[in-house]
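First up is the structure itself, then whatever we jot down about it.
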Amino acid sequence: MAHADGSGDGVRHFTRLDDFTPQQIEDLLDLARRLKHKPARPDLAGRSVGMLFFRPSLRTRSSFEAAMNQLGGRTIALAAASDFWDLEVREGRVMDGKAPEHIRDAAAVLSSYVSALAVRPPVEGQSWEVDRQDAHIRAWARYAKVPVINMESALWHPLQGLADLMTLREHVGSLRGKRLTLAWVHSPQPASAAVAHSLLFAAALAGMHIRVAHPAGYELDEGVLTDVRRVAGTTGAELEQQEELESAVEGAHVVYARSWQSLGDYDNATLSASRRARFKDWRIDERLMARGDDARLMHAMPIRRNVEVTDEVLDGPRSLVHLQAENRLHSAKALLTMLLRH
Amino acid sequence: MAHADGSGDGVRHFTRLDDFTPQQIEDLLDLARRLKHKPARPDLAGRSVGMLFFRPSLRTRSSFEAAMNQLGGRTIALAAASDFWDLEVREGRVMDGKAPEHIRDAAAVLSSYVSALAVRPPVEGQSWEVDRQDAHIRAWARYAKVPVINMESALWHPLQGLADLMTLREHVGSLRGKRLTLAWVHSPQPASAAVAHSLLFAAALAGMHIRVAHPAGYELDEGVLTDVRRVAGTTGAELEQQEELESAVEGAHVVYARSWQSLGDYDNATLSASRRARFKDWRIDERLMARGDDARLMHAMPIRRNVEVTDEVLDGPRSLVHLQAENRLHSAKALLTMLLRH
Amino acid sequence: MAHADGSGDGVRHFTRLDDFTPQQIEDLLDLARRLKHKPARPDLAGRSVGMLFFRPSLRTRSSFEAAMNQLGGRTIALAAASDFWDLEVREGRVMDGKAPEHIRDAAAVLSSYVSALAVRPPVEGQSWEVDRQDAHIRAWARYAKVPVINMESALWHPLQGLADLMTLREHVGSLRGKRLTLAWVHSPQPASAAVAHSLLFAAALAGMHIRVAHPAGYELDEGVLTDVRRVAGTTGAELEQQEELESAVEGAHVVYARSWQSLGDYDNATLSASRRARFKDWRIDERLMARGDDARLMHAMPIRRNVEVTDEVLDGPRSLVHLQAENRLHSAKALLTMLLRH
């Protein structure tokens, strides 16, 4: 599949859900469901995937490694103890600075060693305008000769989006017209907006009625919202935003809790901390969940218990949280099978 | 096997030798012997074990990984470059502090990715009363839905105990009534008492006559000694303690050298260093070994040559040290086979 | 194969190209070529190689891991998060210092867990006279009971030498009498001389006419040059040195660019930096390459673009750089097959 930035030459990447057609996403989810319910076969014996984590990861990395193992393949951790953190990304530079290697050369060489590259790119954290470009993961996709899989960039977390869609289909059934509320919740240590972005895209693909609830100042990326509205226009999905939590969960079939940092205060930790301290009551409890329509709770984890969501909800029958995390494994197996099987 | 703290629901853990019945330990040792002498078969193909090392390890980790590899399975290093060091262990907390995740959620999710969890828990080192509770490994066993294997906690090192028992059976033959001397030795950097504890338990299971020799102030954990005496009561084992090395090795069939830190000075590095400096002559040499009954030397390694034991003994015919380390591999294969084979 | 320092007892190591006979090198290269052009078979199923990287690595480690994976075997990273950095190497010491373990014991035990040990030893960087002894890798070879593979020591990088020879044979054809210019190039962060040393040895084996071009003060190791001249005497190879770049590439079939640190200023970073600042014009560009005889460019990577070699050359038809890196994979597969296949 050709990329807007000219990468590809027939190499299919998975850097965002939009890299696949809606039909391909359907096929992926069908495959994930089948792989979940039958023993895995060693379809990827002898194949290796190189993993490049420029930021730490637990669930994404371990579910991905377990998926590759179950399929008979292996993973190689490439970033550990290397000087890989200083790759040059710009073209034509005289490389007399810190970076000892150009991403163009690293990507070409690693492509000859492994069957795919799974990359969690670094995030500068200085400017949202810069980080939202996802320059690093796009450079890997441009130069690699094998599929590049996004293990969570600043803008997108497509593997989480896939697992979320799989979980929604399993527990809500037909998604068209069902009500999903993405609820911003307080956390002393908010996550990135990538999970929220990929969820909105996935829910729009599925034709859901989406409400996003967050305090003022926590607006999601405008470019992402434009993409989501474009997809919604083709599927009948709806997207509304609210700045009040109670009404936003009214009648919801699913409440998806997520804490994300303010993109407006992105470069200002002090302002960011003082802003979010004002919204400590943005927490999901049983009283709130009761306003939904037999509502289920989703959360991408890690979760701060009794800060983001109460124990009562998490340990009760409404919670899909652990099942959703398990589906990371099965959706990763489906993606790897689709990308790597001969 | 049900645990005292309510964990389990049929999941069999290996957090201490006592988690298995004496007959199960016998079966494990028989299996280890068979696996040592025939080529391994890929009985665990497609299975993964997650490894959580909160403290460094060489022999335990590498023998375990090699064992899993020989059986056709794989290991996944979970703690590398994650924020896993700050898991909340207590129930019902409002998690607004440092820990971003509860062990309950981490254990549940990881249980859906891997077939077992191999954990070397963190040790606080502030209070023996606290550390001896082994709270961390017990929490993993409580919440995990797959077997938890203790890769050495503050209190126990059951994998070492298993390899030690295997080595004793190979080189001493029938163990009932044989004399084993556990000899404290000096080291500028003493190890934990976990190896000594599991050795005593193993030797008691085997009905050996055990002498523990150490300077005053190096008494082992009283709760462990109670457990050991309880087992000794059922097997005919004997346990005596001495504060003098020469007489303790008199007539011994096996001298097991080990340096452990004083549990009394546990939280006081200065006091601890000045205490052990007084016992630099607690070292095993050939003259001492000659007092035994054709005595063999054992040591769990790493070993400081000519400080803990002299080169002459280590490189001579009495030493079982390398053979004992090799048996870490074979006993790990037996344990993994027993826990994971369908 | 017996080693000069008494190691071996029939264990065949690969710590330098000289550990193998010329015929064995030929066989290795033939096997590498065959393995490159047919699907790998799981000849090493159930076998593990332990990897000990005391310095970071990207290409060497990842090509080696991918090679082992393709052959059905596994790698175990042994040095991660261990106290392995402080192994005692000297015999007979009272080990009351920093090192908690002797390399003799570590090597013996690890030999019982894995089928080979792949070691990138530490380099002190204080004295070339000391580092050129390669004491660390030699100690591993002395004590290990399984093959030891040198993943780049201070003096040699035999795996790179093997891949270079394979690449030369593929793209230059018959090597006897062909002209190879090893060209020192400027870099703000020069590499070690190990790659240059193994290249010279390999080219001498192949009977090439070798020119080494470098500014005054960048002479390669005299002991290595003596070894190279000895081999050249048996193969008809020639070796000359020049202190001028333009004439050195005249008529060359291959230009091999490499930046290495001055062995004379080895212990003096300030002197070393001011010396190399004088030679910023030692850079390979198209004008220079045109002086060769349809010359090809080689480089062991990582490469600082437009500092060591210009983009024009690197991205043009003369460059063998990525192909050369790919051959690291195939030559590693050949070596592992030869050392480990029953």
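Only one of the numbered conditions (1) under 28 Å from A:L329 (Cα atoms); (2) more than 7 Å from every other protein chain (Cβ to nearest Cβ); (3) not in a helix (DSSP H, G or I) is violated by A:V114, and that is (2).
Exactly one residue among A:G217, A:G292 is surrounded by fewer than 21 Cβ atoms within 10 Å (Cβ to Cβ), more than 19 Å from A:A193 (Cβ to Cβ) and not basic (K, R), and that residue is A:G292.
B:E240 meets each of the listed conditions (1) without any contact (Cβ under 8 Å) to a residue 40 or more places away in the chain; (2) in contact with a helix residue (DSSP H, G or I) (Cβ under 7 Å, 6 or more places away or on another chain) apart from (2).
Would you confirm whether any residue within the range B:244-253 is at pLDDT 95 or above, more than 24 Å from the chain's Cα centre (by Cα), assigned to a helix (DSSP H, G or I) and exposed (fewer than 14 other Cβ atoms within 10 Å of the Cβ)? Within the range B:244-253, one or more residues are at pLDDT 95 or above, more than 24 Å from the chain's Cα centre (by Cα), assigned to a helix (DSSP H, G or I) and exposed (fewer than 14 other Cβ atoms within 10 Å of the Cβ). All of C:S192, C:S187, C:S153, C:S198 fail the test of being within 14 Å of chain A (Cβ to nearest Cβ) and surrounded by 23 or more Cβ atoms within 10 Å (Cβ to Cβ), apart from C:S187. Among the residues of the range B:36-66, those identified as of a type in the set (A, V, I, L, M, F, W, C), within 9 Å of another protein chain (Cβ to nearest Cβ) and touching a strand residue (DSSP E or B) at 6+ places or on another chain (Cβ under 9 Å) are B:F53, B:L58, B:A66. Listed by first and then second residue, the pairs linking a residue in the range B:301-321 that is facing chain C (nearest Cβ under 8 Å) to a residue that is part of a strand (DSSP E or B), with Cβ atoms under 6 Å apart and 6 or more places separating them unless they lie on different chains, are B:P302/C:E101; B:R305/C:H102; B:D311/B:R305. A:R132 passes every criterion in (1) within 19 Å of A:H197 (Cβ to Cβ); (2) of a type outside the set (A, V, I, L, M); (3) at the interface with chain C (Cβ under 9 Å from one of its Cβ atoms) apart from (3).
For the range B:125-147, the set of residues classified as β-branched (V, I, T) and buried (at least 23 other Cβ atoms within 10 Å of the Cβ) consists of B:I137 only.
The residues on offer are A:L263, A:L271, and the sole one that is assigned to a loop (DSSP other than H, G, I, E, B) and within 23 Å of A:V130 (Cα to Cα) is A:L263.
On inspection, A:S262 qualifies as over 30 Å from A:T75 (Cβ atoms), polar (S, T, N, Q) and either under 22 Å from the mean Cα position of the chain (by Cα) or buried (at least 22 other Cβ atoms within 10 Å of the Cβ) (or both). In the range B:286-300, of all residues being more than 12 Å from every other protein chain (Cβ to nearest Cβ) and in a loop (DSSP other than H, G, I, E, B), the one that is farthest from B:H214 (Cα to Cα) corresponds to B:D294.
Scanning the range B:112-139 for residues that are without any contact (Cβ under 8 Å) to a residue 60 or more places away in the chain and not β-branched (V, I, T) turns up B:S112, B:E124, B:E129, B:Q133, B:A135, B:A139. Scanning the range B:156-175 for residues that are surrounded by fewer than 19 Cβ atoms within 10 Å (Cβ to Cβ) and either in contact with a helix residue (DSSP H, G or I) (Cβ under 8 Å, 6 or more places away or on another chain) or modelled with pLDDT under 95 (or both) turns up B:R169, B:E170, B:H171, B:G173. If you check C:M68, C:M95, which single one turns out to be closer than 20 Å to A:L52 by Cα, hydrophobic (A, V, I, L, M, F, W, C) and surrounded by 17 or more Cβ atoms within 10 Å (Cβ to Cβ)? Just a single option satisfies the conditions, and that option is C:M68.
The values are calculated or read from the model by the stated rules, or taken from the named source; none is laboratory data. Computed from a prediction, not measured in an experiment: that's the story for all the values here. Neighbour counts run over all protein chains shown; Cβ positions are idealised from the backbone, glycine included.
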